[in-house]
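Comments concern the structure below.
The values are calculated or read from the model by the stated rules, or taken from the named source; none is laboratory data. This is a predicted model, so every value here is computed, not measured. Reconstructed Cβ throughout: ideal geometry from the backbone, glycine too, with neighbour counts over all protein chains shown. Keep in mind that these areas ignore ligands, DNA and RNA; they rest on the heavy atoms of the full protein, side chains included. Shrake-Rupley method; radii C 1.70, N 1.55, O 1.52, S 1.80 Å.
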2 protein chains.
Amino acid sequence: MIERLGIIGCGLMGGSVALALRRAGLVRHVAGFSRSQASSRRALELGVIDEACASAADAVRGADIVLLSVPVASTFEVLASLRAELGPEALCMDVGSTKRDVVAAARAALGPDIAAFVPAHPIAGKERAGVDAADADLYRDRRVILTPLEETDPERTRRARAVWESVGAVVSDMSPEDHDRAFAAVSHLPHLLAFAYVASVARQPQGERMLQFAGPGFRDFTRIAGGEPAMWRDILLANRDEVLAQAASFRHVLGEIERAMLASDAQALMDQIAQPSALRSRWEMGAAMGALAGGAASRPAAADEAA
Amino acid sequence: MIERLGIIGCGLMGGSVALALRRAGLVRHVAGFSRSQASSRRALELGVIDEACASAADAVRGADIVLLSVPVASTFEVLASLRAELGPEALCMDVGSTKRDVVAAARAALGPDIAAFVPAHPIAGKERAGVDAADADLYRDRRVILTPLEETDPERTRRARAVWESVGAVVSDMSPEDHDRAFAAVSHLPHLLAFAYVASVARQPQGERMLQFAGPGFRDFTRIAGGEPAMWRDILLANRDEVLAQAASFRHVLGEIERAMLASDAQALMDQIAQPSALRSRWEMGAAMGALAGGAASRPAAADEAA
């Protein structure tokens, strides 16, 4: 039983953890703080938190578990402001989409108290942000990546895993570096491409008119371009080097396909697109991939061995 | 009432038209031909067609309406093979995703009978192809673009519009050139980018492992990369010049965003991604766009005036 959960940032991510733990009867008291008073007041109204605190430190005081759900760029400042109130047994986690920058900020802010910090990245979200969208089922069957550090207390890592599993998630461990490389590839680059693509159409003289004819393919391909710009600006900057490396790899493949088109080389074009088509048809969210086109060996268990 | 509908290519698109017209009580007899006997036999079993014909010409003989639902690259060959059987009042339509190449093939194959041909592109589809996926509701509230030619008999165009409206679609007219430019932007380029992106991740040494961590954003962004490669090869080649022009425009915007990231210029990056984010949040499938970011004037009615 969690006697007191401290949520810093009463939005979709933190609110959904609170609702899920509450529904499972695993938390006695939820204290919340948001920089915007309106958010913590709304969280209180919705029954997501029991107490709207005046500061992060107030929310953390006496908490067994502290969940940081703030923009990754604020990590240092917020952790520094609450460090003095972290209890000797407290577990502190974040929910950020990048991990190397969060780890660096946490090390700088927490000093030796970094032992209490288990960096976490739940792979879940919604189109709408904010506590009104909070949902006890947000993490059900979704992956959560933990990136514990050398300094992290293994008992805290065990408790972190248990918390996420208790809200229905499937937990994996990775190093922060492996995490940021993988998410540059499977999440940050797609967002970058979707932003660039929508901007590229919109800036054309006939852009608006053409968008009237866009169908379900466009709808799904560009859904992530509707992401919150400030959050994505921070993620793209925090993970800049990995994202730019992924973008360079993408440009290279795009160039190969363009060259096949330019040469009207139907066979070369087929070779280029048959592989991703087959792979994507086989891919399932959350499932280990079997052997893919190209004959690479299957590595289904690698994810949990990566830490 | 359509006395006889001739479907050339008994798959998802043609089968869905047949089912919708049948359900509405608007067709007496559906004759179908597929190059693969298994497809037309299956269409017969499913009640999508009433008669499986041995040739396209047999299916067309006596038909009021002929619907071509074959790979665009086969348009010339199929139209040439059935031209002699086209009745004096028959309306002939296709369902291809590109229009300039279809129009050129139709002109070459039909000669003066081109008057009977109304090029059509229904903006609808499913992840699964084939007649088993045919669905009487496939076209409900979906757009259908007609690109009638100078030579097209206006009465045929009127009938074509009525057929698509009777299966629930919203019909617009455009020139084949405007069509191909718009669909290069809103459909063909996204497919090209999705193929290139999935290939770029898959070809990395850790690609398979990284794909295990991909979430809902990846799922939606890459759904179209699962498209049928032979069909997309043909579309990308048929509309090559427009697609490559769109790709160049995309690369330019991508380069601007990469430069803002490389310079760690948070404001420039925000400027680049806030516009597409706002636009995509406002976009709705099938709706006319209002004034977008950038102050361009609204042109809600332009679509139907474009022909």
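Take every DSSP beta bridge with both residues inside the protein assembly as shown and express the antiparallel ones as a percent of the total, to the nearest 5.
Values: 6 of 50 bridges.
Of the beta bridges lying entirely in the protein assembly as shown, close to 10 percent run antiparallel.
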So for the stretch B:205-280, using the alpha carbon gyration tensor with a ≥ b ≥ c as root eigenvalues (a/c under 1.5 gives rounded; past that, a/b versus b/c decides prolate or oblate), I'd call it oblate
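Add +1 for every Lys or Arg and -1 for every Asp or Glu among the other residues with Cβ under 13 Å from the Cβ of B:Leu91, and state the total. Could the numbers behind the result be given before it?
Numbers: positive: B:Arg4, B:Arg156, B:Arg158, B:Arg159, B:Arg161; negative: B:Glu3, B:Asp64, B:Glu89, B:Asp94, B:Asp113, B:Asp153, B:Glu155.
Local charge sum for B:Leu91: -2.
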Roughly what % of DSSP beta bridges within chain A run antiparallel, to the nearest 5?
10
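Mind checking A:245-254 for the average number of partner chain beta-carbons within 10 Å of each residue's beta-carbon? Numbers along the way, then the final one.
Values: counts 1, 5, 6, 2, 8, 8, 6, 4, 9, 11.
Other-chain Cβ atoms within 10 Å of each residue's Cβ, averaged: 6.
Considering only the stretch A:2-174, what is the antiparallel percent among its DSSP beta bridges, to the nearest 5? Let's see the in-between values first.
Numbers: 3 of 25 bridges.
Roughly 10 percent of the DSSP beta bridges within the stretch A:2-174 come out antiparallel.
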What residues have an amide H closer than 5 Å to that of B:Leu91, excluding those fewer than 5 places away on the same chain, when H is modeled at 1.01 Å from N in the peptide plane?
B:Ile65, B:Val66
Where the stretch A:178-292 is the region considered: accessible area per residue in Å², 1.4 Å probe
31
So what does B:Phe213 come to for accessible area, using a 1.4 Å probe and Å² rounded to 10?
0
Quick one: accessible surface of B:Cys53, probe radius 1.4 Å, all protein chains present, in square angstrom to the nearest 10.
20
If you add up the charges near A:Val163, with Lys and Arg at +1 and Asp and Glu at -1, over every other residue whose beta carbon is less than 11 angstrom from its beta carbon, what do you get?
+2
Taking a label point 7 Å from Cα toward Cβ, how far is B:His252 from its twins in the other copies, in nm, shortest first?
2.7
Across the stretch B:185-200, in residue order, what do the Karplus-derived ³J(HN,Hα) couplings come to in whole Hz, using 6.51 cos²θ - 1.76 cosθ + 1.60 with θ = phi - 60° and x for Gly and Pro?
6, 9, 9, 6, 4, x, 5, 4, 5, 5, 4, 5, 5, 4, 4, 5
Hand me the GluC sites (Glu not before Pro) from the stretch B:1-72 located in a DSSP loop with no more than 16 other Cβ atoms within 10 Å, in residue order please.
none
Quick one: 3J(HN,Hα) in Hz for the stretch B:6-16, Karplus 6.51/-1.76/1.60 with θ = phi - 60°, rounded, Gly and Pro as x.
x, 9, 9, x, 8, x, 4, 6, x, x, 5
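In what order, largest first, do B:Glu242, B:Glu256 sit by accessible area if the probe radius is 1.4 Å? Numbers along the way, then the final one.
Details: B:Glu242 30, B:Glu256 55 Å².
Order by accessible area, largest first: B:Glu256, B:Glu242.
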Once ligands and nucleic acids are excluded and a 1.4 Å probe is used, how much of B:Ile123 is accessible, expressed in Å² to the nearest 10?
20
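Going by a ≥ b ≥ c, the root eigenvalues of the Cα gyration tensor, does the stretch B:36-136 fall in the rounded group (a/c under 1.5), the prolate group (a/b larger than b/c) or the oblate group? Show your work: numbers first, answer last.
Values: a/c = 1.95, a/b = 1.30, b/c = 1.50.
In terms of gyration-tensor shape, oblate.
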at B:Arg219 the sorted inter-copy label distances (label 7 Å from Cα on Cβ side), in nanometres, are 1.6
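Once you list every other residue whose beta carbon is under 13 Å from the beta carbon of B:Ser39, what net charge do they have if Lys and Arg are +1 and Asp and Glu are -1? Each step should come with its number before you reach the end.
On the way: positive: B:Arg35, B:Arg41, B:Arg42; negative: B:Glu45, B:Asp132.
So the environment of B:Ser39 carries a net charge of +1.
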List the trypsin sites (Lys or Arg not before Pro) within the stretch B:110-179 that DSSP assigns to loop and that have no more than 11 neighbouring Cβ atoms inside 10 Å.
B:Arg128
Quote the total accessible area buried by chains B and A together, excluding ligands, DNA and RNA, probe 1.4 Å, nearest 100 Å².
9300
Name the chain B residue with the Cβ nearest the axis that maps B onto A: which is it, and what is the distance in angstrom?
B:Asp220, 2
Place a +1 charge on the Cβ of each Lys and Arg in the protein assembly as shown and a -1 charge on the Cβ of each Asp and Glu, then give the dipole magnitude about the Cα centre in debye, rounded to the nearest 20.
440
Scaled by the rule-of-thumb 2.2 N^0.38 Å, the alpha carbon Rg for the protein assembly as shown gives a ratio of 1.09
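Per-residue mean of other chain beta-carbon atoms within 10 angstrom of the beta-carbon, peptide B:61-74? Mind showing how you got there, number by number?
Working: counts 0, 0, 0, 0, 0, 0, 0, 0, 0, 0, 0, 0, 1, 0.
Per residue, the average neighbour count from other chains is 0.
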If I compute solvent accessible area with a 1.4 Å probe over the protein chains, what percent of it on chain B is carbon and sulfur?
51
Given H placed on each backbone N at 1.01 Å, which residues far from A:Val170 in sequence or on other chains put an amide H within less than 5 Å of it?
A:Asp141, A:Arg142, A:Arg143, A:Val144
Skipping prolines and chain starts, which residues have an amide H placed within reach, meaning under 5 Å, of the one on B:Ile2, given they are 5 or more residues away or on another chain?
B:Val27, B:Arg28
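For A:Met1, B:Met93, B:Met285, write out the residues from largest to smallest accessible area, computed with a 1.4 angstrom probe and no ligands counted.
Details: A:Met1 125, B:Met93 0, B:Met285 70 Å².
Ranked list, largest accessible area first: A:Met1, B:Met285, B:Met93.
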One finds, for B:Glu177 and A:Ala245 with R0 = 45 angstrom and r their Cβ-Cβ distance, a FRET efficiency to the nearest 0.05 of 0.70
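Find the accessible area per residue for the stretch A:2-174; the probe is 1.4 Å, ligands and nucleic acids are left out, and the unit is Å².
On the way: 6780 Å² over 173 residues.
Value returned for the stretch A:2-174: 39 Å² of accessible area per residue.
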Average Cα contact separation per residue, chain B, under 8 Å, 6 or more apart, as relative contact order %
15
Hey, what number do you get for chain B at 222 nm if only DSSP H runs of n ≥ 4 count, each worth -39500 (n - 2.57), divided across all residues, to the nearest 500?
-14000 deg cm²/dmol
Every other copy gets compared here: list the nm distances from the A:Ala133 label point (7 Å along Cα to Cβ) to its counterparts, shortest first, one decimal.
2.9
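Specify whether the C-alpha gyration tensor of the stretch B:2-174 places it in the rounded, prolate or oblate class, a ≥ b ≥ c being the square roots of the eigenvalues: rounded for a/c under 1.5, otherwise prolate if a/b is larger than b/c and oblate if not.
Numbers: a/c = 1.41, a/b = 1.16, b/c = 1.22.
It comes out rounded by the Cα gyration axes.
Please average, across the residues of A:177-183, the number of beta carbons from any other chain that are within 10 Å of each residue's own beta carbon, and give a whole number. Numbers along the way, then the final one.
Values: counts 0, 4, 1, 0, 3, 9, 4.
Neighbouring Cβ atoms belonging to other protein chains average 3 per residue here.
Can you sort A:Phe33, A:Phe250 by solvent-accessible area, 1.4 Å probe, largest first? Working shown, then result.
On the way: A:Phe33 45, A:Phe250 0 Å².
These residues rank, largest area first, as A:Phe33, A:Phe250.
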To the nearest 20 debye, what is the magnitude of the charge dipole of the stretch A:59-206 about its Cα centre, counting +1 on the Cβ of each Lys and Arg and -1 on the Cβ of each Asp and Glu?
400
